[in-house]
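J.: First, the structure itself, so that you have it in front of you.
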Ligand SMILES: NC(=O)c1ccc[n+]([C@@H]2O[C@H](COP(=O)([O-])OP(=O)(O)OC[C@H]3O[C@@H](n4cnc5c(N)ncnc54)[C@H](O)[C@@H]3O)[C@@H](O)[C@H]2O)c1
């Protein structure tokens, strides 16, 4: 017998996930719900194997084997907790929650429950990024001096999404933070971020930036450089580079890389630029959802799914980056951890920290 999978939230990514899950060979049936009835109707029109649930409570009580949560970010924490309380294995889209406190609370409850909860950091399933990680882990690159992770969106998300997203670091750069941490198997100790706005005033109105860069210092001494923007007119540009003392690798250079190469003797890249995350990461989403179903079926697979604990570490980095822009200074991860534990805000004074040597 195949699986019955629930999908909560059928917007940009949820509709795509519903289609992907429905196409997996070991999935028999989908139960779907969304706060907007038209989104449910559109999914039912596309997918014969889908049936509707009136709301999330009905879906979670409908006998699903597992659930994929792809609703808006502010709903994640509550929905994860409800799914875990019902004993249902859960794959939730990133991030866990808008705040470190809410993320930590979810992680605490999940840890006590024994119910698998995975967070949708899909880049772990991109074949080239996985190969880059394997190269780092093998030692072939020597010691890693620098990692660079780039996420340049072609255009901003809808206005309502921006306002509820938690800002560019919690919403977008979290992918980069998860990827570089996973790539290196190392922890970030300090974060220095800057950001700016030249596009739609909505970003400034909600206290966000449309473009940012982040310097990450890892415990090993490796430097991470993360670049993100909401305005990259040529297309969706997502790359990962690892530079080592003996070799360098890059993931995300293909003929769809959205750059106009002005080198006279080079024709690369030759294809149409990637337009968005759906076309760039279709295979990665498929592999991620497949790995999640394997876990639900207790079938061994090379499982790189992001745990809730990993996602909490990512949330700490995103919080440090957000604070770094606001305070205009580097922020140590331990400062964020300590402030969170004490329920305090960070100080505006510069805090000098010594970076540990390996
Ligand atoms: N992993 C990725 O690459 C990736 C890409 C895009 C979005 N996301 C994440 O996925 C989530 C959704 O993003 P999106 O771009 O699809 O947003 P969206 O606004 O297009 O869709 C969200 C959907 O959730 C529904 N919804 C909201 N509250 C609900 C509730 N309580 N119950 C049921 N449905 C509810 C909305 O009606 C909407 O249809 C966000 O958390 C985002 O961070 C991840």
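J.: Work out, step by step, the length gained on full extension between residue 12 and residue 115: first 0.36 nm times the residue separation, then minus their alpha carbon distance; give nm to one decimal. Before the final figure, lay out each step's value.
T.: Working: separation 103, 0.36 × 103 = 37.08 nm, distance 2.71 nm.
Here the answer is 34.4 nm.
J.: Let me ask something else about it. Sort 305-317, 142-154 by the packing proxy (mean of other Cβ within 10 Å over each peptide's residues), most packed first.
T.: On the way: 305-317: 22.5, 142-154: 19.2.
The densest-packed peptide leads the list: 305-317, 142-154.
J.: Given the DSSP H assignment, sum -39500 (n - 2.57) over each helix run of at least 4 residues in the chain and divide by its residue total; what's the result at 222 nm in deg cm²/dmol, nearest 500? Intermediate values should be presented prior to the final figure.
T.: Numbers: 12 runs with 133 residues, N = 358.
Calculated mean residue ellipticity at 222 nm is -11500 deg cm²/dmol.
J.: Grab the Cα-Cα distance for residue 268 and residue 297, subtract it from 0.36 nm times how many residues apart they are, and report the gain in nm with one decimal. Let's see the in-between values first.
T.: Details: separation 29, 0.36 × 29 = 10.44 nm, distance 4.28 nm.
Fully extending the segment from residue 268 to residue 297 adds 6.2 nm.
J.: Over 29 Å apart: what share of the alpha carbon pairs of the chain falls there, rounded to a whole percent?
T.: Counting pairs separated by more than 29 Å, the tail of P(r) holds 41 percent.
J.: What FRET efficiency do you get for residue 275 and residue 334 if R0 is 41 Å and r is their Cβ-Cβ distance, rounded to the nearest 0.05?
T.: 0.55
J.: Among bridges DSSP assigns within the chain, what percent are antiparallel (round to 5)? All intermediate terms of the calculation are to be shown ahead of the outcome.
T.: Details: 31 of 58 bridges.
Among the beta bridges of the chain, antiparallel pairing accounts for roughly 55 percent.
J.: Also: Where does helix 174-184 land angle-wise versus the long Cα axis of the chain, in degrees 0 to 90, nearest 10?
T.: Around 70 degrees separate the two axes.
J.: Classify region 135-252 as rounded, prolate or oblate, taking a ≥ b ≥ c as the square roots of the eigenvalues of its Cα gyration tensor: rounded when a/c is under 1.5, otherwise prolate if a/b is larger than b/c and oblate if not.
T.: Details: a/c = 2.78, a/b = 2.02, b/c = 1.38.
Prolate is the answer for region 135-252, as a/c is 1.5 or above and a/b outweighs b/c.
J.: Have a look at 274, 345, 17 and tell me which one the Gaussian network model of the chain (Cα, springs below 10 Å) gives the largest fluctuation.
T.: Largest GNM mean-square fluctuation: 345.
J.: To the nearest 10 degrees, how steeply does helix 37-46 sit against the main Cα axis of the chain, on a 0 to 90 scale?
T.: Between helix and principal axis, roughly 80 degrees.
J.: Given 4 °C and 1.567 mPa s, compute D for region 1-124 with the Stokes-Einstein relation, Rh being the Kirkwood radius over Cα pairs; round to the nearest whole µm²/s.
T.: 90
J.: Related question: Taking a ≥ b ≥ c as the square roots of the Cα gyration tensor eigenvalues, with a/c under 1.5 meaning rounded and otherwise prolate when a/b beats b/c, else oblate, which class fits region 43-108? The partial results should precede the final answer.
T.: Values: a/c = 2.62, a/b = 1.76, b/c = 1.49.
Verdict is prolate for region 43-108.
J.: Follow-up. Could you state the angle between the C-alpha long axis of helix 76-85 and the longest principal axis of the C-alpha atoms of the chain, as a value from 0 to 90 degrees rounded to the nearest 10?
T.: Between the helix axis and the principal axis of the chain, the angle is about 50 degrees.
J.: How far apart, in nanometres, would the label points at residue 140 and residue 105 be if each is projected 7 angstrom from Cα along the Cα-to-Cβ direction?
T.: 4.6
J.: Quick check: pseudo-label points 7 Å beyond the Cα along Cα→Cβ at residue 342 and residue 200, how many nm apart are they?
T.: Spacing of the two 7 Å Cα→Cβ label points: 3.9 nm.
Each reported figure results from applying straightforward, stated rules to the coordinates on display, with no laboratory input. Here the structure is a predicted model, which is why all the values come from computation and not from measurement. Note that each Cβ is placed from the backbone with ideal geometry, even for glycine, and that neighbours are counted across all protein chains shown.
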